[in-house]
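The values are calculated or read from the model by the stated rules, or taken from the named source; none is laboratory data. Quantities reported herein were computed from a predicted structural model and do not represent experimental measurements. Cβ placement follows ideal geometry from the backbone for every residue including glycine, while neighbour counts extend to all protein chains displayed. Accessible surface areas use protein heavy atoms only, side chains included; no ligands, DNA or RNA. Shrake-Rupley method; radii C 1.70, N 1.55, O 1.52, S 1.80 Å.
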Amino acid sequence: SACVCVCCFFLSGRLPSSLFAWISDVCSADLTQEERSFAIFDAATGELLGSIARHGPFGHRATFGYWLVPQARGRGAATRALRLITDWTIATTEVIRLDLFTEVQNDASGRVATRVGFVREAVRRAWDLDREDRPIDVLYYVLVRGLATGCKVRSAVHHGPASAPHDHGARRPQ
């Protein structure tokens with residue numbers, strides 16, 4: 001199980017300049033309640049692993065997205081970060097529907113979603129565009145508050161709208 005921290009305030013000279021600039025831009029942006037973006041980093045080493053974001057809440061819905069640098073994949077970091085941000089969202093909002101989408105061929109990202117309790121819902125045709133502006137199909141995953149069977153999401157975050165997802169080194173068995 002990965003021990004990760006999810007934080008928007010990890011600014012250190014140890015980061016490669018392009019990543020440092022990206023995090024600086026995200027953290028200095030005028031983010032509202034509808035847009036929260038966080039860096040994912042290894043709590044022990046300070047290594048930047050990726051990013052996770054919550055878009056919303058918009059009414060009763062929120063959408064999540066995440067990415068990891070290649071060397072961070074397969075370590076449980078995305079699963080832990082998604083668990084933290086969904087726990088935080090459930091603890092601090094009235095959101096009912098939490099969703100995310102992945103590229104059809106991205107099985108690893110789909111496994112991250114299902115480990116957290118999301119269920120594969122549908123294929124959305126031509127939902128997104130690739131880097132060459134060609135339409136691509138995506139898989140939608142959804143977690144519905146109170147309806148997910150075997151859902152691993154629980155309110156484990158200290159309450160308060162100002163608090164953000166965090167992990168103080170606690171390890172959860174997989």
Please specify each residue of the stretch 98-120 satisfying the condition of being touching a Lys or Arg at 6+ places or on another chain (Cβ under 9 Å), buried (at least 18 other Cβ atoms within 10 Å of the Cβ), not in a loop (DSSP other than H, G, I, E, B) and not aromatic (Phe, Trp, Tyr).
-> LEU98, ASP99, GLY110, ALA113, VAL116
Looking at the stretch 34-70, which of its residues are of a type outside the set (Ser, Thr, Tyr), open to solvent by 30 Å² or more (accessible area, probe 1.4 Å) and at pLDDT below 90?
-> GLU34, GLU35, ARG36, ALA43, ALA44, GLU47
Just give me the residues in the stretch 73-97 being in a loop (DSSP other than H, G, I, E, B) and charged (D, E, K, R), in sequence order.
-> ARG73, ARG75, GLU94
